[in-house]
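Below is one structure, written out as structure tokens; comments come after it.
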Amino acid sequence: MSSTLKKAIIPVAGLGTRLLPISKSIPKEMVPVVDRPLIQHVVEEAIAAGLNEIILVTRGGKSAVEDHFDSHYEIETELERKGKTALLEALRAIAPPQLKVTSVRQDRALGLGHAIYCAAHLVNADEPFAVILPDVLVKTQPGVTDSNNDLKWMVETYQATQAAQIMVEQVPLERVNQYGIVDCCGSEPEAGQSLALKGMVEKPAPEEAPSQLSVIGRYILPGEVMQLLAETQPGAGGEIQLTDAIAALIAKGSAVEAYRMSGRTFDCGYIQGWLQANTVLGREAGLID
Ligand code: G1P
């Protein structure tokens, strides 16, 4: 029996070139979506799924991301003095007492697989962990509470079955070359369900894609993936790919499943997607018409 799932690795070392010039001197993870930075939405998603140990894989120049989860004595004292209790509570809720945030550095941009491997010493060999890519916001459908988010279902499915869970959604054929694409032997899981995976390939050409089910950026993985990452050679784009380590896990005979999300995604890693997230979620929050 492997240990409980409580850690989520969030890679935040990217340069954010698709968000320039916004991300020139602020980390892309600090760009606001409605009323809070992108990273706060993502950490809230992790907390709602019961993942309270966050490992940020970061780089120089991005300390604002870590600072956001630190207490801010000056502001807090000032709010207390002025009796602005609601604001003070909202500020403190960013880092509730159960949340533990650790950070490690990725010294070279060698790919997502390399970024995750930078946290290998913080995960036990038999300890499962989540990976959350912060560019993509995964939100529940309107009316569904955050405590029923897709990541939580993936955590619960893993705890019950010990099968790794990879969140997927359908993409148009012309966009399969931008994502990891899964092979479910011609079948497709229903929304909110998981189905065994036969393989996974990073950014295939449309004519070679095994399906149109793309990897969104939410994974629940067994600890042994770290060892596989150590052995993974550069793949698509000359980078060490997490997808290739997961494909090796499947080839070893470990259970890996595609989880079809039931919520909604907003890709905030590029301008249009980020604007759309602000428009849709801002309206839902009643902040704009
Ligand atoms: C990464 C993963 C890819 C996944 C994508 C989701 O690619 O390697 O498998 O589909 O995130 O956003 P990147 O966007 O870093 O190129």
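Every number in this text was worked out from the coordinates using simple rules, so none of it is lab data. Keep in mind that what you see is a predicted model, and the values were worked out from it rather than measured. Cβ atoms come from the backbone with ideal geometry, glycine included; neighbour counts cover every protein chain shown.
Residue-by-condition table, conditions (1) surrounded by fewer than 21 Cβ atoms within 10 Å (Cβ to Cβ); (2) under 16 Å from MET167 (Cα atoms); (3) under 20 Å from the mean Cα position of the chain (by Cα):
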residue: VAL225; (1), (2), (3): no, no, yes
residue: ALA247; (1), (2), (3): no, yes, yes
residue: ALA251; (1), (2), (3): yes, no, no
residue: GLY263; (1), (2), (3): no, yes, yes
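In this structure, LYS252 does not satisfy being within 12 Å of the ligand (Cβ to nearest atom) and of a type in the set (Lys, Arg). Kindly establish whether LEU110 is surrounded by 17 or more Cβ atoms within 10 Å (Cβ to Cβ), under 27 Å from THR243 (Cα atoms) and in contact (Cβ under 8 Å) with a residue 12 or more places away in the chain. Criteria not met by LEU110. Residues in the range 33-59 that are outside any loop (DSSP other than H, G, I, E, B) and in contact (Cβ under 8 Å) with a residue 60 or more places away in the chain: 11 in all.
Cβ-Cβ distances below 9 Å connect the following pairs, each with a first residue in the range 271-289 that is farther than 17 Å from PRO134 by Cβ, a second residue that is part of a helix (DSSP H, G or I), and a separation of six or more residues or different chains: LEU287/LEU281; ILE288/ASN278; ILE288/THR279; ILE288/GLY282; ASP289/ARG283. In the set (1) more than 15 Å from ALA8 (Cα to Cα); (2) surrounded by 13 or more Cβ atoms within 10 Å (Cβ to Cβ), TYR117 fails one condition alone, (1). For the range 173-190, filtered to residues that are surrounded by 13 or more Cβ atoms within 10 Å (Cβ to Cβ) and of a type in the set (A, V, I, L, M, F, W, C), the residue that is farthest from the ligand (Cβ to nearest atom) is CYS184.
Within the range 60-102, restricting attention to residues that are in a loop (DSSP other than H, G, I, E, B) and small (Gly, Ala, Ser), the residue that is nearest to MET30 (Cα to Cα) is GLY61. Taking the range 212-247 as the range and being assigned to a loop (DSSP other than H, G, I, E, B) and either away from the ligand (no atom under 13 Å from the Cβ) or within 28 Å of ASP126 (Cβ to Cβ) (or both) as the test, the residues that pass are PRO222, GLY223, GLU224, THR232, GLN233, PRO234, GLY235, GLU239, ILE240, GLN241. Pairs are defined by a Cβ separation below 6 Å, a sequence spacing of at least 6 or placement on different chains, a first member in the range 124-151 that is closer than 15 Å to ALA191 by Cβ and of a type in the set (D, E, K, R), and a second member that is away from the ligand (no atom under 11 Å from the Cβ) and part of a loop (DSSP other than H, G, I, E, B); the pairs so defined are LYS139/GLY263; ASP150/MET261; ASP150/GLY263. Which one of these is of a type in the set (Val, Ile, Thr), surrounded by 15 or more Cβ atoms within 10 Å (Cβ to Cβ) and more than 16 Å from the ligand (Cβ to nearest atom): VAL123, VAL57, VAL131? None of the other options fit; the residue is VAL123. Taking SER194 as the residue in question, decide whether it is over 25 Å from PRO27 (Cβ atoms), more than 14 Å from the ligand (Cβ to nearest atom) and surrounded by fewer than 19 Cβ atoms within 10 Å (Cβ to Cβ). No; evaluated as a whole, the condition is false for this residue.
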